[in-house]
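The values are calculated or read from the model by the stated rules, or taken from the named source; none is laboratory data. Note that the structure is predicted; figures quoted are calculated from it, not measured. Heads up, the Cβs are rebuilt from the backbone with ideal geometry, glycines too, and the neighbour counts pull from every protein chain shown. Note: accessible area is taken over every heavy atom of the protein model, side chains too, but ligands, DNA and RNA are not part of it. Shrake-Rupley method; radii C 1.70, N 1.55, O 1.52, S 1.80 Å.
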Amino acid sequence: MVILRPTARRLALAAAASAGALAGLCLIALAVAPALVPQGEVRRAATDALALSSGREVRIVGDSRFSLLPYPRILLDRVELAMPGSAALDAERITARLRLLPLLVGRADVASVTLERPILTVSGPVAVPHLSLAPFISAPGTPALRIQNGTIAWRDGTGLTQELVSGIDARLDHASGGKGISASADFTWRETAASGRLVIADAQAFLNGMDSDTRLDLSSGGSFVKFRGSAASGPSPVAEGDLSLETPDLRGLMDWVRQPTPTTGGFGRFSFGAHLSAHAKEIALTPAYVEMDGNRSEGGLTVKLDGARPLVEGTFAADALNITPYGRLSLTASGGHDWDHKRLDVSPLRKADLDLRLSATSIRADESVFERVASTVVLRGGRLDMSIGEAAAWGGLLRASLTLMPAEHAADGFLMRMEMEGTDVALDRALSDIADVRRLDGTGTIQASLAGQGSSIYGLAQSLSGDVAVTGTGGAIVGLDVAQALRHIEQRPLSGGGDLRGGRTAFTTLKAKARIDNGIAVIDGANVEGKQVKLTLGGSVSVVHRDLDLKGEASLVPANAAAQAAPFALPFIVQGAWDNAYVMPDAQSLIRRSGAAQPLLEAVRSRGGDAAVRSVIEQIAKPSPLLPANPIVPTGSKAN
C-alpha cells in the first residue's frame, strides 16, 4: 500500500480539481457552442468545405442539423454535386466534422467532410467523371474528404441502371505537413475486392509540372501494381521511377479485366519489373524483365503515343524458355477430322503498331527443342510480319516467315502468306510438329511457300495456293511394308494385296513436289527409292476435305544387280482421309500375273460380261487400310 505525504496529497487533489474544472468547461462549451455560431453559418461552412474539397458546386436538398456528440458535426441530408454532361452525383447524407476551439470563439471550421452512400450515375459511353483535386491541393487547410459505401452506376438509354463499382470507401487527406496529399480507396469491381493508394509528397509542385516524390499502389487479391519514384502533372506529364507488377494467376487477372488469352494453357504466375521513364508522348521501360510460368526474359520496351496508333518497340532475350504449358496451336475441329470453321477476328491488328526483337538460347515445345532462336514481330497499319531468321530445329536449321493482314473488305477475313525452309531436319519430328503427319522417317529438307485468304481456318484451306517440296535420305515410310507385300503378290497373285499394314518401307532417297491451287495439291512424280523397292506416286490431295486420291507403281529391286529379268512391278492406288487412307493394288495386274486365273476370267466373261469381271476383280483386290503410324499392341501380344 502506497502512503502519500501531505504535500503529495495536496498536489494530487489540486490536479484532480483542475481536471474536473477543465472537463466542466468543455461540457459548458459544448452546451453553448450551438448558440455561439448561427445555424446558417454552420450550414454554409459545411457546403463551402465540400465544394472546396470536391471542386464541384453543391446543392443541399434535405434538412440539416447540428450534433455535439461524440464530436461536433453538422449533418446535411440529400446533397447533390454538379457534374459535367449527363452525369449525376448525389449522397444520402453529408457529415461535416467541426473543430472545437474555433467553434468556441464563434467560428465554424470544418476539419473533414464525409459523403455517406454517394451514387455517381453516368449515361451514354461508360466514362467516370473525375473530381478536381486542384482546389484541395492549392489550399493546405482544405478539409479532408471521406467517402463511405459509395457506388458508381451506369444508366442505359432505356433507363436501366447497372452497378459498375460498389462498396467504395475512400479518403483524401493532406500529408507531409500539409504540402502533400494522400488518397486511398477500397472498392468492389466485378465482384472482386480491390484497393488503391496514392501519395504525392509536394502536391503543389506536382500540379505546377515539377517533380514530386510519388508512390502508387494498386492491389486485388494476390495481384498488385507498384510505382516508386517521382512524377509531375501539367500540360506535359512526366514520371520517373521503378514500376512492378505481380500476380499469381495472370489468366484470372485477364479474365477479370475481360481481356482474352491466346491459349487455353499457361498464363499462371507472372511478374514484370522495369525502370519507368515517361516524358510527353513517350514511355520507356528500360531495363525490364518479364517472368511467366517459370520463364524469364530481359530487355526493354518503348511506347510512343505521337502517331495515329500507339507504337511499341522493344527487345527481349531469354536463356531457356519452355512453351509446353501453352499447348499446341490447333487448326482443326470435330476431333481433328475437319478444319476449324470459327471466324477469326483480326481487327485488333489495326489498334497498335509493334516492332519487337525476341531471342532465346533454347525453346522447348513438348519433345521438340529449338536452339539459337532469333525472331522479329513487326505490326504496321494492320499488317503483321513474323519471322525466324535462323534457328537450330529438329536436328537441322529452320527459317520461316508469316504474314497476316486484314482483307480490304472485312467480310473477306484476312490474307496469309507463309514461307518456310527446314534444312537437314529429322522428317518425323518436323512433319509431326508442322502438319501432325507421322508417316515419314529420315533426314531431309522441307520447303513451303503458301498463301491464302479467308475468315476462318477452313476458308483459308479453301483458297490455299503455293508450292511444297520434300526431300529425304536414309529413312522409311512408317506403317507400310511395300517390299513384303510385293513378294507376297509375286508368289500368289490371286491372294490380293495381302496384309499391307504395319512395318516400314525403308528408302535411301525420297523426292516429292506438289503444286497447290485453291486447296487442291497436285503431286507430279513423287519418287521413293530404296534397297528393296522403288515407288512412284502422283495424283491429288484435297487440303480442304483432308483426303487423298493418288496412283502409283511399286517395284521390287532385284537382289542381284546383274539379273536380266525385269523387276516385278505393281500399280496401286491410295484413297481416303488423311488419317484413315487405304491402299489397293491394281486388280487387273494381279489377274494378269496369275496364269491359273486366265481360264476362270474367260469363263466369267463369257457368262456375265464386264459386270461379272468387275465383281471378280473386286473380290480379288480388297482395299487394305493403313494402320496408324504407332499402332497399339494388345496386352500380352508381341510386336513384330
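List, in order, the whole-Hz ³J(HN,Hα) value for each residue of the stretch 258-268 obtained from phi through the Karplus relation with A = 6.51, B = -1.76, C = 1.60 and θ = phi - 60°; use x for Gly and Pro.
After applying 6.51 cos²θ - 1.76 cosθ + 1.60, I find 6, 10, x, 9, x, 10, 8, x, x, 6, x Hz.
Describe numerically, in nm with one decimal, the distance between label points set 7 Å from Cα along Cα→Cβ at T508 and at E298.
With each label point 7 Å from Cα toward Cβ, the separation is 5.3 nm.
Excluding T376 itself, calculate the net charge of residues whose Cβ lies under 13 Å from the Cβ of T376, where each Lys or Arg counts +1 and each Asp or Glu counts -1. It would help to have the intermediate numbers written out before the result.
Working: positive: R357, R380, R399; negative: E313, D355, D385, E390.
Here the charged neighbours net out to -1.
Given a Förster radius of 51 Å and the C-beta distance between K551 and D186 as r, what FRET efficiency does 1/(1 + (r/R0)^6) yield to the nearest 0.05? Don't skip to the answer; put the middle values down first.
Working: r = 74 Å, r/R0 = 1.45.
Given R0 = 51 Å and the Cβ-Cβ separation, E is 0.10.
What is the gain in length, in nm to one decimal, between A410 and L218 on full extension, counting 0.36 nm per residue of separation less the C-alpha to C-alpha distance?
Details: separation 192, 0.36 × 192 = 69.12 nm, distance 3.90 nm.
Gain on extension, A410 to L218, equals 65.2 nm.
Which of the GluC sites (Glu not before Pro) found in the stretch 386-466 are in a DSSP loop and have at most 13 neighbouring Cβ atoms, other than their own, within 10 Å? Could you put the intermediate results ahead of the total?
Values: sites: E390, E408, E419, E421; in loops: E408.
Filter output for the stretch 386-466: E408.
What percentage of the solvent-accessible surface of the stretch 165-208, computed with a 1.4 Å probe over protein heavy atoms, is contributed by carbon and sulfur atoms?
The value for the stretch 165-208 is 53 percent carbon and sulfur by accessible area.
By a straight-distance test (C-alpha under 18 Å), which lysines pair with K351 as possible cross-link partners, with residues fewer than eight away in the same chain excluded?
Cross-link targets: K281, K304.
About the Cα centre of the stretch 252-378, how large is the charge dipole given +1 on each Lys and Arg Cβ and -1 on each Asp and Glu Cβ? Please answer in debye to the nearest 20. Walk me through the numbers before you get to the answer.
Details: 14 positive and 16 negative charges, 67 e Å.
Around 320 debye, computed over the stretch 252-378.
For L331, L75, what's the largest-to-smallest order of accessible area, 1.4 Å probe?
Numbers: L331 70, L75 15 Å².
Largest accessible area first, the list is L331, L75.
Could you look at the stretch 443-491 and say what percent of its accessible area is carbon and sulfur, using a 1.4 Å probe and all protein chains?
Details: 900 of 1800 Å².
For the stretch 443-491, the apolar C and S fraction of the accessible surface comes to 50 percent.
Quickly work out the S86-to-E367 label distance, labels modelled 7 Å from Cα along the C-beta direction, and quote it in nm with one decimal.
A separation of 6.1 nm, rounded to one decimal place.
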